[in-house]
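Contents: one structure, followed by commentary.
The values are calculated or read from the model by the stated rules, or taken from the named source; none is laboratory data. On a predicted model such as this, the values are computed, not experimentally measured, just so you know. Backbone-built Cβ (ideal geometry, glycine too); neighbour counts: all protein chains shown. Note: areas computed on protein heavy atoms with side chains; ligands, DNA, RNA excluded. Shrake-Rupley method; radii C 1.70, N 1.55, O 1.52, S 1.80 Å.
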Amino acid sequence: IESLREGIFQQAGHEFNIDSPKQLGVVLYEELQLEKNPKRTATGQYSTREAELLRLSSRHQVIRDILDYRNAVKLKSVYVDQLPEHVNPATGRLHTHYSQAWTATGRMQSNNPNLQTIPVRKERGREIRAAFVSRNDEYLILSADYSQIELRVMAELSGDAAMLEAFESGTDIH
């Protein structure tokens, strides 16, 4: 994060609050002049939304660095900083809770901590997921699509022969 911050400041020619949409907009659109008629928000500020920055990302390395910086800061604050707070002192391990009571649809939800939202598509998210290891060689970590888990639980509880057969044979029941 610090390296990205320094690179952004170097490209901008000065330090500023990267997390301030107002200051960032001034740097991108007034100082670096990356767009002649930049999009603005309802309040008249320059738009620095992710979608807008992605659209402009081919115009300057600083925009790609800002997007990378935002991603790194979010991962750090949401996962790297918070997950250690959820380690069970008795086991020294992280234990999530699964429930259906919190969701209006009855779908399963992971909370305290929410492990469903750890990114998997980008390298940094995969690095966070790689920190999760099984207790020892006798245990495995299962990563599964929630709808598949729910369907398997439903098949087991209902005793639905067709669904159970589909899962046993590896047939996609969707």
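Starting from region 148-174, keep only residues that are closer than 17 Å to Gln100 by Cα, then list their pairs with residues that are assigned to a loop (DSSP other than H, G, I, E, B) whose Cβ atoms are within a distance under 7 Å, requiring at least 6 positions of separation or different chains.
Note: pairs meeting the criteria are Ile149/Met108; Glu150/Arg107; Glu150/Met108; Leu151/Ile173.
Given (1) surrounded by 12 or more Cβ atoms within 10 Å (Cβ to Cβ); (2) part of a helix (DSSP H, G or I), where does Pro119 come up short, assuming only one miss?
(2)
Do we have any residue at all in region 130-147 that's surrounded by 14 or more Cβ atoms within 10 Å (Cβ to Cβ) and free of Cβ contacts under 8 Å to residues at least 12 places away in the same chain?
No, region 130-147 has no match at all.
Only residues in region 65-93 that are over 20 Å from Arg5 (Cα atoms) and assigned to a helix (DSSP H, G or I) count as the first member; pair them with residues that are open to solvent by 30 Å² or more (accessible area, probe 1.4 Å) and not β-branched (Val, Ile, Thr), Cβ under 7 angstrom, at least 6 apart or cross-chain, and list the lot.
Correct list of pairs: Leu83/Leu94; His86/Leu94; His86/Asn112.
Of all residues in region 6-45, how many are among the aliphatic types (A, V, I, L, M) and either surrounded by fewer than 14 Cβ atoms within 10 Å (Cβ to Cβ) or under 26 Å from the mean Cα position of the chain (by Cα) (or both)?
Count: 5.
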